[in-house]
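A.B. asks: Structure in structure tokens, see below.
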Amino acid sequence: MDLARLQNLVKRDPESYQDEFLGQLRHFRAQLQLIRVRTASQDEKRSEKDTRDPDAVADGADQSASAVAAAASAGAGSQTQARQLERKFGDVVGFVSQTASCYPKLKEAREVPDLLANLLSDTYMSLGQELRLTLVRSLILLRRRGSLSPLTLLPLLFRLFGAPDKRLRRLCHQHLVSDIGDMNRKHTNLQVNRTLQNFLFEMVSDESESRALHSLGVLSELYRKGVWRDTKTVNVVATAVFARWPKVSLCAVHFLLRPSIDEEDADDDEESAEARQRRVRDAAQAAAHSHARMTKKRKSVARRALAAVAKIQRSETTEAQRRASMQLEVLRQLHDPQSFAERLFARARGGGGKGGIQAAFEVRVLQLNLLARVVAVHELYLPNLYPFLQRYMQPHQEHALELLAMFVQCCHPMVESELLRPCLRTVANNFVHDRSSASACAVGLNTIREALARCPHALGHEESKEYEQEASALVHDLIEYRNHHDKGVVTAARSLLNLFREIAPELLPRASRGRPDAKRGEASTASISRTAQSDLLYGAEALTRVPGAELLPGTDGVPIEACRLLSEDEFRRIRVLGVRQMLRKQMGESDDVLGSSDDVLGSSDDEQDDDELVKEGKNEASEDEDEDEEDHTAVMAESGSAAAAAVHEGDDSVAVAADSSDDDDDDEEEDVDLDQLEQEQMLMSDSDEEDENTRFLVDPTSLMGKHKQARRTRDERLASVQAGREGREAYKSFKANKVRTSTTNEQKRKNQPFILTKQRRDVRDKHKRSGREKQFAEVNHKRLQAGIKRRKTK
């Protein structure tokens with residue numbers, strides 16, 4: 001009986017075939033011992049061969065040809081026997097792993113997973129390729145059936161990354177990602193995660209490059225899938241940046257730069273996205289411009305095609321925002337960003353690390369890009385970074401745009417102006433001058449604008465009079481490029497001018513400062529005086545937008561929300577005043593009857609009375625309009641007497657508030673909607689988070705600004721033409737496809753000249769026809785026209 005049939009019978013009736021299973025299990029143990037003995041002998045021969053002395057090697061070189069042939073034949077025979085033994089053992093292993101779970105109470109069956117794991121752990125380098133794959137597949141099967149612990153199998157699979165077998169490494173990678181994801185799907189398995197992460201920390205710094213590289217790949221994919229998205233995973237990858245192996249270090253840098261994209265599939269994703277967008281755009285253009293007459297249906301087709309283009313653009317924008325948010329999230333989880341940045345800068349500056357091999361300049365650019373993002377996110381202080389970047393600020397530099405974008409990212413308010421001023425001067429001298437190209441001028445102006453927008457004090461004009469004069473001369477020179485002949489340079493210069501109007505208008509010539517703006521405090525308003533403006537808090541213009549804050553009185557004509565932050569009591573008083581206004585509108589009463597707003601702003605002893613008044617007001621507002629007139633008059637008289645008593649006691653604030661409220665009776669005021677206020681605050685916080693996620697990342701292409709597309713060469717135009725012909729039938733004219741045949745007599749008569757047509761007999765005798773003949777001719781003509789019409793409609 002073969003093993004496949006016996007396996008089927010054991011699964012159907014385990015109790016009846018228990019003896020057969022035990023027999024195969026004994027056979028499995030016997031062959032296991034043979035495999036161990038053979039691998040041990042191979043290891044001994046390999047070690048002896050490596051440790052042989054040179055004399056023995058020289059003597060062995062003098063062997064005869066017959067002895068060499070005999071040894072080769074003996075080796076081939078032993079290899080054939082070894083392959084047969086491994087094939088038989090692989091069949092037995094497959095049978096045992098499939099049927100061991102049918103006997104959970106047998107001790108011999110429960111020992112099978114440990115025996116296979118120990119064999120694979122001890123001898124995986126000496127085993128054959130097929131036997132290794134068979135053992136790994138059997139262990140994965142036992143793990144899925146619950147016969148093997150994950151802490152036993154998963155570390156073993158990580159160690160198998162060092163085996164010289166690509167199929168084995170791919171299988172281990174797939175199972176590791178899927179198994180760890182399944183364990184953390186319903187709830188986080190903290191014990192297993194902690195053990196595996198500690199083991200991976202050792203694997204990433206392992207002496208084997210293959211183990212470190214593939215372990216890092218598993219970590220990266222688990223983070224992308226959201227399985228291990230914690231701080232420890234990020235810091236394990238961060239330690240791999242300083243690995244001795246260049247591939248491992250580069251893989252870690254790619255992950256920290258783009259954690260949401262696999263570096264192997266990044267180019268394919270970009271190409272597929274561009275191809276998809278180009279295909280939809282071509283369809284939209286074809287639908288909009290391929291018809292001479294635009295009908296209603298054709299308009300709808302074109303509109304749907306353009307909507308598809310807009311949808312793709314929106315999805316790409318959302319995906320870009322998500323990726324940017326994930327990038328910043330990874331960088332924020334670093335434990336010690338200052339030490340990480342210093343070590344990374346020492347490595348990117350030219351040190352080769354532990355291996356002593358200096359990396360290529362492209363790799364150093366990637367390291368500097370990561371360093372710039374870490375500096376921007378954590379606002380670190382690296383004084384040696386800015387002079388290092390200053391050396392590469394040249395238009396002829398191959399990676400000039402990337403390096404300028406890194407410099408802009410490294411600009412933050414914590415950096416001193418002594419470090420940024422030389423860099424800005426270098427950008428202005430090397431990029432923005434008369435002999436520079438238009439694209440270089442635009443890049444230089446945009447770089448200066450982005451750097452000053454992030455760090456307004458970079459020019460140091462506030463430190464001394466000398467720096468102010470130097471900065472003023474530089475600014476005056478830069479804004480003159482708004483009269484340049486290139487549109488991109490003009491746009492960059494105007495944007496720089498608008499920036500200086502906001503952050504430092506004193507550096508601009510008086511004619512270029514523009515009109516006075518209330519945001520800069522250059523114009524006085526009726527409500528806010530000059531002295532009050534100088535005392536406003538930072539962000540006072542945002543606080544003035546608090547709904548209902550105008551109900552609270554200010555000081556000296558200045559709104560109270562512009563002088564200080566509002567407290568919880570003041571927000572509660574705003575609600576009370578809002579209810580008072582609602583009651584005044586509904587009941588038609590004036591402010592002097594219901595009382596002044598100063599009573600509400602009084603001492604804390606009156607707060608309980610205010611709450612009671614609000615409750616009474618709400619109850620009165622909800623009553624029917626058929627309320628008793630006497631009760632309404634009593635309420636009016638009682639509240640009016642209270643106001644008169646307050647005025648009689650000499651409370652001038654009440655009278656002033658009453659007069660001011662009388663002036664505001666005609667203004668329309670709305671109640672404070674607290675739910676709407678909370679929703680607006682949540683939306684503002686979400687938009688602030690999006691701005692915070694995107695302001696740290698600078699796209700190098702954004703520094704180019706608007707630029708004219710360069711004229712394409714002949715080869716580029718031909719390549720575009722050939723790309724447009726792909727997937728299309730051969731272009732031919734209609735005449736070329738027409739079959740060359742003669743025409744009919746009817747067709748010839750249609751094309752015959754009239755001078756020949758009028759000489760025909762039927763034409764000359766046409767006026768001689770009788771009435772009967774004319775009638776028959778008319779009937780035949782109508783039948784002919786009806787037949788032609790039917791053929792056209794089919």
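The values are calculated or read from the model by the stated rules, or taken from the named source; none is laboratory data. Given the structure is predicted, the values throughout are model-derived calculations rather than measurements. FYI the Cβ positions are ideal-geometry reconstructions off the backbone, even for glycines, and counts take in every protein chain you see. To get the accessible areas, we keep the full protein, side chains included, count just its heavy atoms, and leave off ligands, DNA and RNA. Shrake-Rupley method; radii C 1.70, N 1.55, O 1.52, S 1.80 Å.
A.B. asks: Any idea how many residues of segment 446-486 are touching a residue at least 24 places away in the same chain (Cβ under 8 Å), buried (at least 17 other Cβ atoms within 10 Å of the Cβ) and of a type in the set (D, E, K, R)?
C.D. replies: Of the residues in that region, 5 qualify.
A.B. asks: Taking ALA736, is it at pLDDT 85 or above and either out of contact with any Phe, Trp or Tyr (no Cβ under 9 Å at 6 or more places or on another chain) or assigned to a helix (DSSP H, G or I) (or both)?
C.D. replies: Numbers: at pLDDT 85 or above: no; either out of contact with any Phe, Trp or Tyr (no Cβ under 9 Å at 6 or more places or on another chain) or assigned to a helix (DSSP H, G or I) (or both): yes.
In short, no.
A.B. asks: May I pose another question? Hey, does segment 94-103 have a residue that's touching a Leu at 6+ places or on another chain (Cβ under 6 Å), buried (at least 20 other Cβ atoms within 10 Å of the Cβ) and over 14 Å from GLN31 (Cα atoms)? I'd like the intermediate steps shown before the answer.
C.D. replies: Residues of segment 94-103 touching a Leu at 6+ places or on another chain (Cβ under 6 Å): 95, 97.
From what is left, the residues that are buried (at least 20 other Cβ atoms within 10 Å of the Cβ) are 95, 97.
Filter once more, keeping what is over 14 Å from GLN31 (Cα atoms): 97.
The answer is yes; a qualifying residue exists.
A.B. asks: For segment 81-121, name all the residues that are of a type in the set (S, T, N, Q) and under 28 Å from GLY162 (Cβ atoms). Let's see the steps before the verdict.
C.D. replies: Applying the first criterion (of a type in the set (S, T, N, Q)) to segment 81-121 yields 81, 84, 97-99, 101, 118, 121.
Correct list: GLN81, GLN84, SER97, ASN118, SER121.
A.B. asks: Name every residue in segment 86-126 that is among the charged types (D, E, K, R) and within 45 Å of the chain's Cα centre (by Cα), in order of residue number. Give the steps one after another, and end with the answer.
C.D. replies: First pass over segment 86-126, keeping only residues among the charged types (D, E, K, R): 86-88, 91, 105, 107-108, 110-111, 114, 122.
Within segment 86-126, ASP114, ASP122 meet the criteria.
A.B. asks: Right, another one. Could you please tell me which pairs satisfy a Cβ distance under 9 Å, a separation of 6+ or placement on different chains, a first residue in segment 17-28 that is open to solvent by 40 Å² or more (accessible area, probe 1.4 Å), and a second residue that is acidic (Asp, Glu) and assigned to a helix (DSSP H, G or I)?
C.D. replies: From residues that are open to solvent by 40 Å² or more (accessible area, probe 1.4 Å), the pairs are LEU22/GLU108; ARG26/GLU108.
A.B. asks: Turning to a different aspect of this structure: Where the second residue is open to solvent by less than 70 Å² (accessible area, probe 1.4 Å) and the first is free of Cβ contacts under 8 Å to residues at least 24 places away in the same chain and lies in segment 760-788, which pairs have Cβ atoms under 7 Å and are six or more apart or on separate chains?
C.D. replies: Pairs that qualify, where the first residue is free of Cβ contacts under 8 Å to residues at least 24 places away in the same chain and the partner is open to solvent by less than 70 Å² (accessible area, probe 1.4 Å), are VAL763/THR757.
A.B. asks: Looking only at residues that are assigned to a helix (DSSP H, G or I) and at pLDDT below 70 in segment 285-304, which one is least open to solvent (accessible area, probe 1.4 Å)? Let's see the steps before the verdict.
C.D. replies: Initially, segment 285-304 is screened for residues assigned to a helix (DSSP H, G or I), giving 285-289, 296-304.
Right, trim to at pLDDT below 70 and you get 285-289.
Numbers: GLN285: 101, ALA286: 49, ALA287: 13, ALA288: 31, HIS289: 147 Å².
Looking at the filtered set, the residue picked out is ALA287.
A.B. asks: Give segment 679-698 a look and list any residue that's loosely packed, with under 12 Cβ neighbours inside 10 Å and modelled with pLDDT of 55 or more, or say none.
C.D. replies: ASP691, the sole residue that qualifies.
A.B. asks: Do any helices (runs of 4 or more DSSP H) lying entirely in segment 406-518 carry at least 1 residues that are farther than 29 Å from GLN367 by Cβ and basic (Lys, Arg), and which ones are they?
C.D. replies: 465-479, 487-503
A.B. asks: Return the residues of segment 188-212 that are in contact with a Lys or Arg (Cβ under 6 Å, 6 or more places away or on another chain) and touching a residue at least 40 places away in the same chain (Cβ under 8 Å); say none if nothing qualifies.
C.D. replies: Start the filter on segment 188-212 by keeping residues that are in contact with a Lys or Arg (Cβ under 6 Å, 6 or more places away or on another chain), which leaves 197, 203.
The one that is in contact with a Lys or Arg (Cβ under 6 Å, 6 or more places away or on another chain) and touching a residue at least 40 places away in the same chain (Cβ under 8 Å): MET203.
A.B. asks: Of all residues in segment 211-232 being in a helix (DSSP H, G or I) and β-branched (Val, Ile, Thr), which is nearest to ARG167 (Cα to Cα)? Reasoning before the result, please.
C.D. replies: Taking segment 211-232 and keeping what is in a helix (DSSP H, G or I), we get 211-224, 231-232.
If we keep only those that are β-branched (Val, Ile, Thr) as well, we get 218, 231.
Values: VAL218: 16, THR231: 32 Å.
The selected residue is VAL218.
A.B. asks: Considering segment 176-191 alone, what residues qualify as being part of a helix (DSSP H, G or I), open to solvent by 10 Å² or more (accessible area, probe 1.4 Å) and not charged (D, E, K, R)? Before you say what the answer is, go through the steps one by one.
C.D. replies: If we filter segment 176-191 for residues that are part of a helix (DSSP H, G or I), which is where we start, we get 176-183, 190-191.
Filter once more, keeping what is open to solvent by 10 Å² or more (accessible area, probe 1.4 Å): 177-179, 181-183, 190-191.
Answer for segment 176-191, where residues must be part of a helix (DSSP H, G or I), open to solvent by 10 Å² or more (accessible area, probe 1.4 Å) and not charged (D, E, K, R): VAL177, SER178, GLY181, MET183, LEU190, GLN191.
A.B. asks: Kindly indicate which of ARG349, ARG364 is over 20 Å from SER260 (Cα atoms), touching a helix residue (DSSP H, G or I) at 6+ places or on another chain (Cβ under 6 Å) and either modelled with pLDDT of 90 or more or open to solvent by 20 Å² or more (accessible area, probe 1.4 Å) (or both). Before you say what the answer is, go through the steps one by one.
C.D. replies: Working: ARG349 fails: touching a helix residue (DSSP H, G or I) at 6+ places or on another chain (Cβ under 6 Å).
Testing whether each residue is over 20 Å from SER260 (Cα atoms), touching a helix residue (DSSP H, G or I) at 6+ places or on another chain (Cβ under 6 Å) and either modelled with pLDDT of 90 or more or open to solvent by 20 Å² or more (accessible area, probe 1.4 Å) (or both) leaves just ARG364.
A.B. asks: Let me ask something additional. Given the conditions (1) more than 23 Å from GLY90 (Cβ to Cβ); (2) among the small types (Gly, Ala, Ser); (3) open to solvent by less than 30 Å² (accessible area, probe 1.4 Å), which single one is not true for ALA117?
C.D. replies: All conditions are met except number (1).
A.B. asks: Filter segment 321-346 for residues that are more than 20 Å from LYS225 (Cβ to Cβ) and of a type in the set (Gly, Ala, Ser); which is least open to solvent (accessible area, probe 1.4 Å)?
C.D. replies: Among those residues, the one meeting the criterion is ALA341.
A.B. asks: Which one of these is at pLDDT below 90 and not basic (Lys, Arg): GLU402, GLU398, GLU418?
C.D. replies: Working: GLU402 fails: at pLDDT below 90; GLU418 fails: at pLDDT below 90.
Only one candidate passes the filter, namely GLU398.
A.B. asks: Whether any residue in segment 136-145 is part of a helix (DSSP H, G or I), among the hydroxyl-bearing types (Ser, Thr, Tyr) and open to solvent by 40 Å² or more (accessible area, probe 1.4 Å) is what I want to check.
C.D. replies: To start, the set of residues in segment 136-145 that are part of a helix (DSSP H, G or I) comprises 136-144.
Still in the list and also among the hydroxyl-bearing types (Ser, Thr, Tyr): 138.
Next, only the ones that are open to solvent by 40 Å² or more (accessible area, probe 1.4 Å) stay: none.
No.
A.B. asks: Could you tell me how many of the residues in segment 1-37 are over 10 Å from VAL92 (Cα atoms) and of a type in the set (Phe, Trp, Tyr)?
C.D. replies: The total comes to 2.
A.B. asks: Which residue, of PHE340, PHE388, PHE345, is part of a helix (DSSP H, G or I), among the aromatic types (Phe, Trp, Tyr) and under 28 Å from SER208 (Cβ atoms)? Please lay out each step first, then the result.
C.D. replies: Details: PHE388 fails: under 28 Å from SER208 (Cβ atoms); PHE345 fails: under 28 Å from SER208 (Cβ atoms).
When all the criteria are applied, what remains is PHE340.
A.B. asks: Can I ask one more? Could you tell me which numbered condition THR152 fails, if it satisfies all but one of (1) at pLDDT below 90; (2) under 28 Å from ASP122 (Cα atoms); (3) of a type outside the set (Gly, Ala, Ser)?
C.D. replies: The failed condition is (1).
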